[in-house]
Protein chains: 2
Amino acid sequence: MPAEAIKVTVDTVAMAVQQGQLEILLIKRKHDPFKNLWALPGGFLEDDDSTVEIAAARELLEETNVGDVYLEQLFTFGDRERDPRGRVVTVSYLALLRQDDLELRASTDASGVAWWPVLDLPKLAFDHRRIVEYAHQRLKYKIEYSAAAFSLLPPKFTLRDLQSVYEAVLGRSVDNRNFRKRFLKSGVLQELAETSQEGSYRPARLYSFVEQEFEQLPDRPVFVF
Amino acid sequence: MPAEAIKVTVDTVAMAVQQGQLEILLIKRKHDPFKNLWALPGGFLEDDDSTVEIAAARELLEETNVGDVYLEQLFTFGDRERDPRGRVVTVSYLALLRQDDLELRASTDASGVAWWPVLDLPKLAFDHRRIVEYAHQRLKYKIEYSAAAFSLLPPKFTLRDLQSVYEAVLGRSVDNRNFRKRFLKSGVLQELAETSQEGSYRPARLYSFVEQEFEQLPDRPVFVF
C-alpha cells in the first residue's frame, strides 16, 4: 500500500466517576467493521477540521451529544494491523467529565451510546481496549501530579466524594485519615459554610477547589497515597 | 480536500548536551517545500513500517545515520496550514543522545546534517520550531521527574557534568551546593574509585547512575532546583 492510502482518525476516551466507579463513554457500532461492537467515539479527520483536536471534539459531539469539553491529546496509535480497512493512524484524546452535566444521544451512525465501568467493559472494536488502558494509566498519573481529580467532581463536594474519585481511578482504597490530612493541609480546598446530607450519613462539610492556589504553589502538591 | 488525501509523517527531535549547550539534530532540505531550510529529520509513514515509531527510527537513520536510539512519542501536530503540500499530520518523537557516540552522515535527500544550539536555531521548515519548543518543554519536565538526564551523559561523569546537563536543559544556572547535596543523598549515584582530570581543574570524582535504585525508590526523587 502506498503512503497515500493512509488515513487519520481521532478517538476520545471520555471518563467520569459515578457511584464510586470509573466509567467510560462508548458507542455501539451500527456498521462494519466491528458492527455491533462497542467502540470509542471518534471518526475520520476531515479537511474542514482546522486542527486534530477540533476533529475529536466534532466527532464526540456528533456521536454522543457531549460538547464543550476540554480534550487532552493522549497518544497516536498507528500499528499496521490495527484497522481491517487498511492503514489508519488514530490520534487519541482524554476528556474528564461529570455525568450529571450530560444528556447522551447517539448519532444515526450508532445503535447506542452508554457509560461503561472500566472494570467491566464489553469487547471493544479495533485496538480500543489498548487505548482505554493507556488513558486509564495516564489518568492515574494525572490525579497524583495535577488537579485532574476536580474535573471529575461537581463544584461543591465532600471529602468523601473526593476520596471516592481517587479510589475509583486508582482501583483501590486509600487510607482515610492520611487522605483527609493531606488534602486539608494542601491549600487547594476551600471549606464552605454548607453541608451535604446524603442517605443515613451525618451531614458532611462541603468544599470547593481553589484553582488559583494550586497554580501558584511553589512546590506543586503531590497526591500519592 | 477529501479525507483520503491526508498524509502522515514522523519527525524526531534528537537532543544532546555538548559543551554545556543543549543542541538539536537538524538536516538541511535539498528539495521543496522549504528547500535549503533546516528541518527535523523525518518523512512519510510507509506501509512497510509496522509501527509509527519504527517509521521515525527508519527516517532518523536514513537522514542522519543515527541508529539504535530510544524514541519517546511527544505529540501529534495536524493543523490544516502546517504543510504547503496539503494536509499532513505529523507524529513527533524525542530522542536523547550523546554526540560522542555518533557519526553523522546526511542522506542523499539532504544537503547537510548538523547539531544546532537550541538557543541559536536557524529558521526552520514547516512548524518545526513549534515542535522543538514542545520537545524542549517536555525535556525540562522530564529531567525534574525522571532519570532522563542520564541519557544525555556518558556512563561515567562528574557532578559538574551532571549539573551542566541540568543547566543546559533548564537554560539557567542552579545552586551548586544544593544541587550536589540533593543528588548525593538521592541514592541514584554510585561513587566510583576513578577521578577525572580536565583542563586546569583539580581532579574530580567520577560517578555512575544506579538505574535500579531509581526504579525501586518508593518515593521517586524529584530534582527541581
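Step through the residues of segment A:201-206 one at a time and calculate ³J(HN,Hα) from phi using the Karplus curve (6.51 cos²θ - 1.76 cosθ + 1.60, θ = phi - 60°), rounding each to whole Hz and writing x for Gly and Pro.
6, 6, x, 10, 4, 9
In peptide B:76-84, how many Cβ atoms from other protein chains are near each Cβ within 10 Å, on average?
Working: counts 13, 4, 13, 6, 8, 2, 1, 0, 0.
Partner-chain Cβ atoms within 10 Å, mean over residues of B:76-84: 5.
Just to check I understand the Karplus step: with θ = phi - 60° and J = 6.51 cos²θ - 1.76 cosθ + 1.60, what whole-Hz values come out for segment A:185-190, glycine and proline as x?
Each residue's phi maps through the Karplus curve to give 8, 6, x, 9, 10, 10 Hz.
Just to check I understand the Karplus step: with θ = phi - 60° and J = 6.51 cos²θ - 1.76 cosθ + 1.60, what whole-Hz values come out for segment A:67-78, glycine and proline as x?
Once rounded to whole Hz, the list reads x, 6, 10, 8, 10, 10, 5, 9, 6, 10, 9, x.
Provide Rg over Rh for chain A; use the alpha carbon set for both Rg and the Kirkwood Rh (inverse mean inverse pair distance).
Values: Rg = 19.3 Å, Rh = 18.9 Å.
Using Cα coordinates only, the ratio equals 1.02.
Under the rule of at least 5 residues apart or a separate chain, name every residue whose amide H is placed under 5 Å from the amide H of residue B:14.
B:25, B:95
Hey, can you grab everything whose amide H is under 5 Å from the amide H of residue B:75? Only 5+ residues off in sequence or another chain; H modelled, so Pro and N-termini drop out.
B:92
Just the number, please: buried accessible area between A and B, total of both chains, 1.4 angstrom probe, nearest 100 square angstrom. Please report the intermediate quantities before stating the final value.
Values: alone 12570 and 12570 Å², together 22530 Å².
That pair of chains buries around 2600 Å² in total.
Considering amide H positions built from the backbone, and no H for Pro or chain starts, which residues 5 or more places from residue A:30, or on another chain, come under 5 Å of its amide H?
The list, which skips near neighbours in sequence, is A:36, A:111.
If you place +1 on the Cβ of every Lys and Arg, -1 on the Cβ of every Asp and Glu, and leave all else neutral, what size is the dipole of segment A:56-152 about its Cα centre, to the nearest 20 Debye?
Values: 13 positive and 16 negative charges, 79 e Å.
It works out to roughly 380 debye.
With everything on Cα atoms, drop me the angle between helix B:128-145 and the longest principal axis of chain B, reported from 0 to 90° to the nearest 10.
30
Longest span of chain B, sites excluded, free of trypsin sites (Lys or Arg not before Pro) in DSSP loop with at most 14 other C-beta atoms within 10 Å?
Working: sites that count: B:30, B:35, B:85, B:98, B:105, B:123, B:156, B:172.
Answer - B:173-225.
Take the alpha-carbon positions of segment B:67-125, form their convex hull, and give its projected area averaged over all directions (one quarter of the hull surface) in nm². All intermediate terms of the calculation are to be shown ahead of the outcome.
On the way: hull surface 23.0 nm².
One quarter of the hull surface, i.e. the mean projection, equals 5.7 nm².
Per-residue Cβ counts within 10 Å, from other chains only, averaged over A:5-13: what number is that? Before the final figure, lay out each step's value.
On the way: counts 3, 9, 6, 9, 1, 2, 0, 0, 0.
The mean count of partner-chain Cβ atoms within 10 Å per residue comes to 3.
Helix A:52-64 sits at what angle to the longest principal axis of chain A, using alpha carbons and giving 0 to 90 degrees rounded to 10?
90
Out of the GluC sites (Glu not before Pro) in segment B:80-168, which ones are loop residues according to DSSP with at most 16 other C-beta atoms within 10 Å? Walk me through the numbers on the way to the answer.
Values: sites: B:81, B:103, B:133, B:144, B:167; in loops: B:81, B:103.
Within segment B:80-168, the qualifying GluC sites (Glu not before Pro) (loop, at most 16 other Cβ atoms within 10 Å) are B:81, B:103.
Just list whichever of A:140/B:156; A:142/A:181; A:30/A:142; B:35/B:156; A:7/B:30 have alpha carbons separated by over 30 Å in the model shown. Before the final figure, lay out the partial values.
Numbers: A:140/B:156 35 Å; A:142/A:181 20 Å; A:30/A:142 34 Å; B:35/B:156 41 Å; A:7/B:30 28 Å.
As for pairs spanning more than 30 Å Cα to Cα, those are A:140/B:156; A:30/A:142; B:35/B:156.
Check cross-link reach from residue A:185 to the aspartates and glutamates: straight Cα distance under 19 Å, and skip same-chain residues fewer than eight apart.
Counting by Cα, and skipping residues close in sequence, residue A:185 has these aspartates and glutamates nearby: A:144, A:161, A:175, A:211, A:213, A:215, A:219.
Rounded to two decimals, what is Rg over Rh for the protein assembly as shown when you use alpha-carbon atoms and the Kirkwood radius? Intermediate results must be reported in sequence, preceding the final value.
Values: Rg = 24.6 Å, Rh = 24.5 Å.
Radius of gyration relative to Kirkwood radius: 1.00.
Can you give the local net charge around residue B:179? Use residues other than it whose beta-carbon is closer than 14 angstrom to its beta-carbon, Lys and Arg +1, Asp and Glu -1. All intermediate terms of the calculation are to be shown ahead of the outcome.
On the way: positive: B:160, B:172, B:177, B:180, B:181, B:182, B:185; negative: B:144, B:161, B:167, B:175.
Net charge in that neighbourhood comes out at +3.
Just flag the chymotrypsin sites (Phe, Trp or Tyr not before Pro) in segment A:1-89 sitting in loop per DSSP whose Cβ has no more than 14 other Cβ atoms within 10 Å. Walk me through the numbers before you get to the answer.
Values: sites: A:34, A:38, A:44, A:70, A:75, A:77; in loops: A:34, A:70.
Sparse-neighbourhood loop chymotrypsin sites (Phe, Trp or Tyr not before Pro): A:70.
Divide, for segment B:131-216, the radius of gyration over alpha carbons by 2.2 N^0.38 Å, where N is the residue count.
Working: Rg = 13.4 Å, N = 86, 2.2 N^0.38 = 12.0 Å.
Normalised by 2.2 N^0.38 Å, the Cα Rg of segment B:131-216 equals 1.13.
What is the local net charge at residue A:65, summed over the other residues whose Cβ is closer than 10 Å to its Cβ (Lys, Arg +1; Asp, Glu -1)?
For residues surrounding residue A:65, the net value is -2.
The values are calculated or read from the model by the stated rules, or taken from the named source; none is laboratory data. Since the structure is predicted, the reported quantities are computational estimates derived from the model, not experimental observations. Cβ atoms come from the backbone with ideal geometry, glycine included; neighbour counts cover every protein chain shown. Remember, those area values only see protein heavy atoms, side chains included, never the ligands or the DNA or RNA. Shrake-Rupley method; radii C 1.70, N 1.55, O 1.52, S 1.80 Å.
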